[in-house]
Amino acid sequence: GVACVILLDTLDSTVREPDQVHRLFGTELIGPLPLVRDSRTIQAAAATAASRQELIHLSSNNGQPSTEDARSFTAFEEAIRMVRNSILLADFDRRLRSILFTSATPGEGKSTAALHLAIAHADQGKRTLLIDADLRRPTLHRKLGLEADPGLTEVLNGDCSWSSAVIQVPASPNLSFLGAGTPSRRAADLVGSGVADILDAASRQYDLVILDAPPLLGFAEPMQLAIAVDGVVVVAVAGETNRKAIRAVVSTLQ
């Protein structure tokens with residue numbers, strides 16, 4: 001039995017423990033987020049943040065209250081605030097005005113983490129701008145219940161200014177949103193110096209700008225976006241994301 005456990009541990013190529021992050025990749029863990037079984041719970045809360053306390057008790061089981069969902073959501077919100085403090089209170093060479101969220105592969109929770117970090121930052125009374133920079137498969141507008149266009153695609157095409165495309169999130173007075181716009185297969189060609197200009201202008205108006213980017217492996221534009229921001233957060237799933245994939249992401253960013 002002991003030999004079987006050791007063998008399974010040796011064959012496991014995923015990241016499971018926080019201490020593995022520094023040992024395997026030479027970088028620091030900002031913080032862990034709990035897994036929420038029903039993602040619709042936190043999406044609904046993001047869309048209507050004003051009634052958050054009521055929404056955490058909703059369940060997909062005929063609308064009956066779910067204690068497990070409520071606990072998961074509360075733990076998720078608390079963990080997001082810990083991540084917020086880890087990022088903004090860390091001793092960096094300069095103040096972080098723009099942060100990019102990415103991952104190795106799709107479906108690892110980067111968009112959800114970016115969205116709720118933006119909400120948590122805005123809840124402190126800080127002016128926050130959330131940008132959906134995933135021009136291929138945007139999702140943030142659906143999570144917020146807002147329109148996607150005109151958005152970043154139209155801004156980079158020169159159809160409108162970035163400030164005119166920004167939407168105020170109704171339930172959060174300090175949170176603004178710039179959607180991705182019309183999905184484009186030319187995302188890698190659109191993203192260039194224009195994004196840096198947008199971030200320079202936005203950083204003068206907002207305390208923090210958060211970008212949700214596509215997964216870094218297999219797409220060209222995340223690297224162009226990473227150059228333009230002050231910091232990059234890589235999101236991975238414990239027990240699922242392959243170590244080689246994370247190592248490739250970190251090495252590419254470095």
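The values are calculated or read from the model by the stated rules, or taken from the named source; none is laboratory data. Because the structure is a prediction, the values reported are computed rather than measured. These area figures cover heavy atoms from the full protein model, side chains too; ligands, DNA and RNA do not enter into them. Shrake-Rupley method; radii C 1.70, N 1.55, O 1.52, S 1.80 Å.
The relative contact order of the range 93-232 comes to 40 percent, based on Cα pairs under 8 Å that sit 6 or more residues apart. Distance between the C-alpha centres of the range 151-185 and the range 110-145: 12 Å, rounded to the whole angstrom.
Between Leu96 and Val237, full extension at 0.36 nm per residue minus the direct alpha carbon distance yields a gain of 48.3 nm. In plain terms, the chain from Ala79 to Ala201 could stretch by 40.9 nm, reckoned as 0.36 nm per residue minus the Cα-Cα distance. Counting only heavy atoms of the protein chains and using a 1.4 Å probe, Thr105 has close to 60 Å² of accessible surface. Under a 5 Å amide H cut-off, with hydrogens placed 1.01 Å from N, Leu100 pairs with Leu211, Gly231, Val232, Val233 among residues at least 5 apart or on other chains. Ranking Met82, Met223 by solvent-accessible area of protein heavy atoms (1.4 Å probe, all protein chains present), from largest to smallest, gives Met82, Met223.
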